[in-house]
Amino acid sequence: MINAEYAAALLPAQLSRLKRIPDKVSVIYVGSDACERLLPECCHLEKIIDLGKKPIAALPALTDFYLNKSCAVIEEFLKKHDEIEVSVNDIGTLTLLHNEFSSRVKISIGRILCYLWNKNSIYFTQEMSKKFGISFFETDEEQTASNLMKSNLKVAFHYPYKYYGITRRCFYAQDNQLSAEKFSCSKLCPEKYIPLGKGDVFLRGNAYYSKPAKMPELMPGRIIIPYDSY
Amino acid sequence: MKIKAGICSFDEAEWFISNGANELYFGLSDLPSHVDNLGENLRIGNRHDFEDSIKFAHSHGCGLFVAVNDINVNVFGIDKALKKMQLLTECGIDGFIVASPEFILRYPKNARNPEWHLSCLAMCLNRSALSFYRSLGVKRFAVYQSLFPEEAISMFKDSGMESEVFLQADEICVNYDGLCQGCGGLFGNKKFCQLPFSMPGSSRKFHCIRPGLRADAHSFYVFAHNADWLKLVRKSDFSHRKQVFNFAKELLALVRESKDEEAFLSMSKQIFLDIRRLHD
């Protein structure tokens, strides 16, 4: 039986206050798959290496401004390191990283992009996997995970929160929609999963989640758990 | 800026063409389309009627496009959908609005080539994504609905593709459209994003905010100067869409007449208010 690799998912601001990491965690995702204002920086990736863990830059779907910023971070990181794994959530980020950095960037398909691709046939997903040399497909859907694994594609499973929706109108920066400079996301954006309504849905930053995701029958290659949930 | 209107019947097509629409689009019940569940797909009587309608549209210089933009091709079966699309192309349909690149990649190479338009549901947020789709042969992209004009502006310059935007005042999804599970589901028929929430320990109500009238007007002004097409949705009744179509024409006329954005904002306020009232 293959043991799953355990990953912790952290926002950049959480990393700076990090005290301890569970021993079983070998990989750390830093960034956000939902908000482009919470991008990882090179110092965050370096810090994870200093902690003795493997860093993965988690990127959400990116508009041009933030895509350029992300590329600059990866370029800076690759000046000192041979390779990096990046979790991407839109086709533009995927193709740009592939074209710019080739095999030095290992691509993991983030759960948002995976959710989109999963609506295509499995042949499409397999083709894209071959074309871009995808390391992992991230998902929080049991059925999707099973289908991907049956097709010999490697799965990283998000647990226990299941993606529900993402807004592009931030709750917390409503008065400063376009000015990240005026709104300190790292200080004011909540890190906790806040139960809403009757507790069916959780809000974290600009994304909604439901709980719990159901683990697939087959063991995925990687399990991604928010740091606070360990 | 030209206008592309969504239709649900050929009677509607005649009205929109007679009133100046430059292009029309619709869904068909046997092709995967985003608004299937709303019952707004076009019902075609027979192939003869269909071909006559295409001839009528073309004789008025109006293009006809079919939305195949539900990304869940697994449910419909892509092979079946592709056969139907090929048949429609042979009948004279100008092209398809797709969200999934798989349709383009697997469309028979020896068949008559349709024009491919990218649905906003493809979640195209940056120039790199546009390059990818352009390389597949996509001619036009729809700007992702919830992008602010300032975020989208970089995509218009030298993209090598035509662009279209929705009239955001009439239709905007504040969530990632096509990726939100909030409509229906846990919250029944209510739109999840329109429900207010309180945080634990706080009486403050949170909810997704809609852009205000001024933001609607600003978006329209910027997009009218940068995008090629204004797209009007088909998710409402015909009388609503007729009114929105007329408002859209008035707004475009105001953009042409206004000496600057401030003048447009001032002159267009009542129209945006009227559009909003259509939803009340």
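Just a few scattered comments:
- Relative intensity, log₁₀ I(q)/I(0), of the protein assembly as shown from a Debye sum that treats every alpha carbon as a point, q = 0.07 Å⁻¹: -0.39
- A straight Cα-to-Cα reach below 19 Å connects A:Lys47 with the aspartates and glutamates A:Asp23, A:Glu75, A:Glu76, A:Asp82, A:Glu83, A:Glu85, A:Asp228, residues fewer than 8 places away in its own chain not being considered.
- Ranking of B:His240, A:His158 by count of other Cβ atoms within 10 Å, fewest first: B:His240, A:His158
- Which of B:His279, A:His98 has the fewest Cβ neighbours within 10 Å, and the rest in rising order: B:His279, A:His98
- The relative contact order of the stretch B:50-183 comes to 19 percent, based on Cα pairs under 8 Å that sit 6 or more residues apart.
- Greater than 20 Å apart at Cα, pairs in B:Lys84/B:Lys242; B:Lys84/B:Lys231; A:Lys130/A:Lys150; A:Lys53/A:Lys106; A:Lys131/A:Lys214: B:Lys84/B:Lys242; B:Lys84/B:Lys231; A:Lys131/A:Lys214
- Counting only DSSP beta bridges whose two residues both lie in the stretch A:106-230, roughly 55 percent are antiparallel.
- Exceedance of the 23 Å cut-off in Cα-Cα distance is limited, within the set B:Lys80/B:Lys109; A:Lys79/B:Lys157; A:Lys119/B:Lys55, to A:Lys79/B:Lys157; A:Lys119/B:Lys55.
- Estimated from helices alone, the mean residue ellipticity of chain A at 222 nm is -9000 deg cm²/dmol (sum of -39500 (n - 2.57) over DSSP H runs with n ≥ 4, per residue).
- Using R0 = 22 Å, the C-beta based FRET efficiency linking B:His48 and B:Asn246 works out to 0.10.
- Counted charge near A:Asn147, where neighbours are those whose Cβ lies closer than 15 Å (Asp, Glu -1; Lys, Arg +1): 0
- Among beta bridges identified by DSSP and lying wholly in the stretch A:87-158, the antiparallel ones come to about 0 percent.
- Within the straight-line cut-off of under 16 Å between alpha carbons, the aspartates and glutamates reachable from A:Lys69 are A:Asp33, A:Glu36, A:Glu41, A:Asp90, A:Glu100, A:Glu181, B:Glu151, sequence neighbours fewer than 8 places apart in one chain being disregarded.
Values in this text are rule-based calculations from the coordinates and carry no lab data. Just so it is clear, the structure is predicted and the values come from calculations on it, not from any experiment. We place every Cβ from the backbone using ideal geometry, glycine too, and count neighbours over all the protein chains shown.
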